[in-house]
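The values are calculated or read from the model by the stated rules, or taken from the named source; none is laboratory data. As the structure is a prediction and not an experimental result, all values here were calculated from the model. Note: ideal-geometry Cβ built from the backbone for every residue, glycine included; neighbour counts use all protein chains shown.
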Amino acid sequence: MTTHATPHALVPGLPLVEVGALTRERLLDTAERLFAERGFASTSVRDLTAAAECNLAAVNYHFGGKANLYREAFLRGLTVLREQRIAALSEAMAHRPAPRVEKVLHAFATAFVAPLDGSRGPLLFQLWMRELLDPQLPPETFAAEMILPIRRALVGALRSLEPTLPEREAVLCIQSFIAQLSNVFHLQRFAQAGATSTVPATPTEHVRHIVTFTAAGIQAAAGAGHGTGRVRKKEVR
């Protein structure tokens, strides 16, 4: 559950600079929640300031308007999850001797779905879905802040473990991997809504399957890059 900082009225003597920082943080927390729940158009500045327990002028003062508040709230969430995922990947890659592909994929996948256990992760996912359906930001924002940094980190990790894996194949494998992990969020929403018959496994079981499936695909692509792909195709025939 999102917690709000104590209003200045309840903290006599608090320096004004700290009051401003607390107000700004409350507005970001509130914006993240309300924009996710209601969408940009259906959330007014009055809604935001009332929920954040601050002056009506605070949005303009701290952010220059509702659109900038939306942008900062959106980017703040992206940054947190991006850094968590890249940190998990870096930690897995730091192991010596070099880890197997499955171990690296599992570390990243676990960090990817970890927010399902809290309240903020599903909220951020809902905010992203709203942005896809009703864009308020330049189309390159999500790519620049989330997709490309994570792709670079994953491509570098996989190609260091599988040197024969062509870069294009690595990118395609990663796109498939991320799409499968994202689907876990969708399935969890069905489960929370009571449609358990549509959810065949727990998030942990899904991660285990996705990692095994993706690792096999990466190893096959690496083999094809090493010139063994044709042999495998003939065996299938």
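Right, residue 165: in a loop (DSSP other than H, G, I, E, B) and at pLDDT 90 or above or not?
Judged against the criteria, residue 165 is a match.
From the set of residues in region 18-40 that are buried (at least 19 other Cβ atoms within 10 Å of the Cβ) and β-branched (Val, Ile, Thr), which is nearest to residue 118 (Cα to Cα)?
The extreme case among them is 30.
I want to confirm something. Restricting to region 128-143 and keeping residues that are touching a residue at least 12 places away in the same chain (Cβ under 8 Å) and in a loop (DSSP other than H, G, I, E, B), which single residue is surrounded by the fewest Cβ atoms within 10 Å (Cβ to Cβ)?
Residue satisfying both the conditions and the ranking: 134.
Is it true that residue 146 is of a type in the set (A, V, I, L, M, F, W, C), under 30 Å from residue 42 (Cβ atoms) and crowded, with 18+ Cβ neighbours inside 10 Å?
When the stated conditions are applied, residue 146 passes them.
Taking region 94-127 only, how many residues are crowded, with 17+ Cβ neighbours inside 10 Å and either free of Cβ contacts under 8 Å to residues at least 24 places away in the same chain or in the same structural domain as residue 34 (by TED's automatic domain parsing) (or both)?
Matching residues across region 94-127 total 1.
Taking region 41-56 as the region of interest, how many residues are surrounded by fewer than 19 Cβ atoms within 10 Å (Cβ to Cβ) and either more than 21 Å from residue 129 (Cα to Cα) or touching a helix residue (DSSP H, G or I) at 6+ places or on another chain (Cβ under 7 Å) (or both)?
Adding up the residues that qualify gives 8.
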